[in-house]
1. Quick check on the range 26-79: of everything there that is of a type in the set (Asp, Glu) and at pLDDT below 90, which residue is farthest from Thr158 (Cα to Cα)?
2. Please verify whether the range 83-93 includes one or more residues that are under 19 Å from Leu204 (Cβ atoms), at pLDDT below 90 and either in a strand (DSSP E or B) or more than 21 Å from the chain's Cα centre (by Cα) (or both).
3. Please go through the range 8-38 and pick out each residue that is within 23 Å of the chain's Cα centre (by Cα) and farther than 17 Å from Gln194 by Cβ.
4. Being without any contact (Cβ under 8 Å) to a residue 12 or more places away in the chain and β-branched (Val, Ile, Thr) is the filter here, so list the residues in the range 220-250 that pass it.
5. Note down all Cβ pairs under 8 Å where the first residue falls in the range 31-56 and is assigned by TED's automatic domain parsing to the domain that holds Ile6, the second is at pLDDT below 80, and they're at least six residues apart or on different chains.
6. Give me the strands (runs of 3 or more DSSP E) completely within the range 1-48, filtered to those with at least 2 residues that are over 13 Å from Asp70 (Cα atoms), ordered by residue number.
7. How many residues, within the range 159-208, are in contact with a helix residue (DSSP H, G or I) (Cβ under 6 Å, 6 or more places away or on another chain) and closer than 30 Å to Ile25 by Cα?
8. Determine whether the range 213-220 contains at least one residue that is surrounded by fewer than 21 Cβ atoms within 10 Å (Cβ to Cβ), on the phi > 0 side of the Ramachandran plot, modelled with pLDDT of 95 or more and assigned to a loop (DSSP other than H, G, I, E, B).
Amino acid sequence: MKVLFIGGTGVISSACSQLAVERGIELYLLNRGQSSRVAPAGTHVLHGNIRDRTSIESVLKDYVFDAVVDWIVFTPDQIETDLKLFRGRTGQYVFISSASAYQTPPASLPVTESTPLDNPYWEYSRNKIACEERLVRAYREEKFPITIVRPSHTYDKTMLPVEGRYTTIDRMRQGKKVIVHGDGSSLWALTHHQDFAKGFVGLLGNSHAIGEAFHITSDEVLTWNQIYQILARAAGVEAKLVHIPSEYIAAYDADWGAGLLGDKTNSMIFDNTKIKRVVPDFTATTPFSRGAEEIIAWYDADPARQVIDEEFNGLVDKMIAAYESMWPKT
């Protein structure tokens, strides 16, 4: 099977690239060659910018693929470019959407692939929904062979799944307070990228995936309090958590707030029955407790990775001081 990944060296896609090669897929990676992650041995690397249609056509030449996966498409105009490039050139086009496109907040749990797509809080999610709608129309009107995949919060050893990244770990290790949105009790799923890859690679070239949408997540469900506490344990400390409403956070930082109100504020539990039915060997086996140890070990292995964002530090200190001044201890 000959497959093209547009991107292929990111947090999620790097694990999928590695597993695809291990399973004997003839894998081509199209990117600009600027990632710090090295492409797996055995891949064919094509250098080019997918958003520059004139030059990319010369890079793609007369290649035909069994599947094309665009890991870096975010807006409907980019979808139009892909449709023009890959009509008649691929047996399957895989769009990487987002689980944040689901109804927010969800009317019922667990979320399934039939849950409505509706996120009034986050432009990123609304753009993903618009991309999905355009592709579904292409499938219905011209049988363009789409598969839609909706990752939720997927991480690797380089990605701390909390706001502030390593700065938050540094605060914990210094005994400083860290912010958790709401009361920390909302439920969340964190998925290791190698677990995600097991489900994803099984969709490539799979006739049962054409015209369908899937989310691929861990079945482990954690509260945000637990997520911060697990990270603190991996870092060898105890976390001092301060609970602040998401709306209050949004008033201080619009981007942070958008990601909360449009995604993380609400409990999200996913039913993975559909992906397990189409890819029977898919199972997520990495608990976040092990993933957290992997993350902290990666950061501790090289001091250069331990980047401190002083602007974020200042924002957190200011927000905590202001919020706690409204509720003085008696």
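The values are calculated or read from the model by the stated rules, or taken from the named source; none is laboratory data. This structure is a prediction, so every number in the text was calculated from the model and none was measured. All Cβ positions, glycine included, derive from the backbone under ideal geometry; neighbour counts span all protein chains shown.
1. Asp62
2. There is no residue in the range 83-93 that is under 19 Å from Leu204 (Cβ atoms), at pLDDT below 90 and either in a strand (DSSP E or B) or more than 21 Å from the chain's Cα centre (by Cα) (or both).
3. Tyr28, Leu29, Leu30, Asn31, Arg32, Gly33, Gln34, Ser35, Ser36
4. Those that are without any contact (Cβ under 8 Å) to a residue 12 or more places away in the chain and β-branched (Val, Ile, Thr): none in the range 220-250.
5. Val45/Gly33; His47/Arg32; His47/Gly33; Gly48/Arg32; Gly48/Ser55; Asn49/Arg32; Asn49/Ser55
6. It comes to 26-31, 44-47.
7. Residues meeting the conditions: 10.
8. Scanning the range 213-220, I find no residue that is surrounded by fewer than 21 Cβ atoms within 10 Å (Cβ to Cβ), on the phi > 0 side of the Ramachandran plot, modelled with pLDDT of 95 or more and assigned to a loop (DSSP other than H, G, I, E, B), so the answer is no.
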